[in-house]
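What follows is a set of notes on a single structure, which appears directly below.
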Amino acid sequence: MIGDRWQQVLDKHGDAVALHHSAGSLTFAQLDREARALKHADDYVLAQGGAAELLKALLAGALHGKPVQVAEKDRARRVPACPIPSDTFLIKQTVGGSGHRRCQFFTAAQILADVDRIHATLKLEEHKICVAAISPAHSYGLTVTVLQTLFNGLPLHWLSEPFPASLAAALESHERAFLPGIPALWRAWMQAGVPFEKVSLAVSAGSPLTLELERRAMESAGMKLHNLYGTSECGAVSYDADDELRSDVGDVGDLLPGVAAVIDEDGLLVVQSTSVGTGYDELLPGEIFDGHRFRTCDKVEINGSRLYFRGSAGAGINVAGRKLSPNEIAAKLRAATGVKNLEVHGAQSRDPERCQEVVAVVGLPASELTPAFRGTACLGLAPWEIPRRWVSRL
């Protein structure tokens, strides 16, 4: 299935450029040759790094019939806690709304259903190229960038860093472009004065889009930021295709074609579609994720086909679109300080585009939570994992 789909793309685009990146460019034909040359002794292919590395690894897995495990470049591979299902094409390792880092398994049909649903709903065939400065290993970035290149032939201009000057130069080099981002990046790009005249479609996902940021984009650039909502387990769920500004901050658009949604007795969204994955490597009590349905951690309202996000009931911490595990961060802090009485949770950030911030609750007097203590505690943390608030439990 995947191999046939790629061959259609290759036959159609051949010598056209598939990827522009910092080291140059790759045509579809070059990508095919380099992916076929990749040798993997393991029973899986690890996709890790930039867009070029992910494109080659994903294609190699498809061509050689091996599952592909995608990992962020700053993460070690998580070994699945169960045997990999025999029909698996893609393995994601992510925290998600639950706050627990796990593996998620997907068949080729499930991945293609999500990729094609997004391609059709966003009308990506009308745009010349995707210019992206988001992680291609994140579920959102993966589906709207490299997978669209592989299976729908949408060229990708990938930036390894989201610097405004680099983005402006990339946009200027194309006639029209699809630009996906997250609210924190959209704000930074607008503050830096990035020209968006070449952007024919602007999409925001990963964390809630404020009405103020949406209004600023319209007033300063005449650009509508279109909200896309989904989860890594079930793919895209809803999309705001309207050209008018929203009046409700929770408005995340209409359900995509083929996606059914209900609210359970706990007020949580349950999604059913052909893009719902096969399942986790470890299922927690009460969870639903079985290849047909997925119960999210999100509280929502549904009005006809329109979906309204009202908050998350999960333990995962959303820092500017990056989902973090409170247990992982707490374990690192305990190891660095020797303090066992230490817990971590997320709290609403005073910066709306940041969404949440990390809070550390420590079993020490407030007088001991000094800058020196906090500096030592955070030595093993990534910048986005560092607590913004420190609270004494005593």
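Any read-out appearing in this document is the output of simple, stated calculations on the displayed coordinates, not a laboratory observation. Given the structure is predicted, the values throughout are model-derived calculations rather than measurements. FYI the Cβ positions are ideal-geometry reconstructions off the backbone, even for glycines, and counts take in every protein chain you see.
Here are the numbers for this structure:
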{"item": "Helix axis angle, 108-121 relative to the chain longest principal axis, alpha carbon, degrees", "result": "80"}
{"item": "Gain on full stretching of the segment that runs from Ala23 to Glu125 - 0.36 nm per residue minus C-alpha separation", "result": "34.1 nm"}
{"item": "Label-point separation, His40 to Glu172 (7 Å along Cα→Cβ), nm", "result": "4.0"}
{"item": "Expected-Rg normalisation [2.2 N^0.38 Å, Cα atoms] applied to segment 104-171", "result": "1.15"}
{"item": "Dipole in debye (nearest 20) - the chain, about Cα centre, beta carbon charges: Lys, Arg +1; Asp, Glu -1", "result": "1100"}
{"item": "Percent of Cα pairs exceeding the 25 Å cut-off, where the set is segment 252-354", "result": "35"}
{"item": "Calculated P(r) of the chain - Cα pairs past 31 Å, %", "result": "38"}
{"item": "In segment 5-51, trypsin sites (Lys or Arg not before Pro) in a DSSP loop with at most 11 other beta-carbon atoms within 10 Å", "result": "Lys39"}
{"item": "Farthest toward positive dipole pole in the chain [+1 Lys/Arg, -1 Asp/Glu at C-beta], among Leu112, Ala331, Asn303", "result": "Ala331"}
{"item": "Rounded to the nearest 20 debye, dipole of segment 207-271 from Cβ charges on Lys, Arg, Asp, Glu", "result": "300"}
{"item": "Amide N proximity, segment 351-384 versus Val339 label position 7 Å along Cα-to-Cβ, cut-off under 11 Å", "result": "360-378"}
{"item": "Histogram of C-alpha separations across segment 317-392, 10 Å bin width, %", "result": "20, 56, 23, 1"}
{"item": "Length added when fully stretched, Ile302-Arg350, from 0.36 nm per residue minus Cα-Cα", "result": "14.5 nm"}
{"item": "Cα convex hull volume per residue for segment 123-224 (Å³)", "result": "91"}
{"item": "Within the chain, percent of DSSP bridges classed antiparallel, to nearest 5", "result": "65"}
{"item": "Net length gained if the chain between Asp74 and Val361 were fully extended (0.36 nm per residue, minus Cα distance)", "result": "100.7 nm"}
{"item": "Modelled FRET efficiency - R0 35 Å, Arg310 with Glu161, Cβ distances, 0.05 increments", "result": "0.55"}
{"item": "Relative contact order (percent, whole number), the chain, Cα cutoff 8 Å, 6+ residue spacing", "result": "13"}
{"item": "Length-normalised contact order for segment 263-390 - Cα pairs under 8 Å, 6+ apart - percent", "result": "17"}
{"item": "GluC sites (Glu not before Pro) lying in DSSP loop within segment 257-336, provided at most 13 other Cβ fall within 10 Å", "result": "Glu265, Glu282"}
{"item": "Estimated distance in nm for a label pair at Asp87 and Ala16, the labels positioned 7 Å out from Cα along Cα-to-Cβ", "result": "3.2"}
{"item": "Dipole of the chain [Lys/Arg +1, Asp/Glu -1 at C-beta], most positive-end residue of Gly3, Asn318, His226", "result": "Asn318"}
{"item": "Loop GluC sites (Glu not before Pro), segment 194-251, which have at most 13 other Cβ atoms in a 10 Å radius of their Cβ (DSSP)", "result": "Glu197, Glu244"}
{"item": "Nitroxide proxy distance, nm - points 7 Å out along Cα→Cβ at Ile263 and Asp243", "result": "3.2"}
{"item": "Charge-dipole axis of segment 2-312 as Lys and Arg at +1 and Asp and Glu at -1 on Cβ define it, positive-most pick from Gly193, Ala57, Ile263", "result": "Ala57"}
{"item": "Given charges at beta-carbon only (K, R positive; D, E negative), |dipole| of segment 317-392 in Debye", "result": "40"}
{"item": "Packing-based ranking, highest mean first, of 150-158, 61-69 given that Cβ atoms within 10 Å are counted", "result": "150-158, 61-69"}
{"item": "Value at 222 nm in deg cm²/dmol, rounded to 500, when DSSP H runs of n ≥ 4 in the chain each add -39,500 (n - 2.57)", "result": "-8500 deg cm²/dmol"}
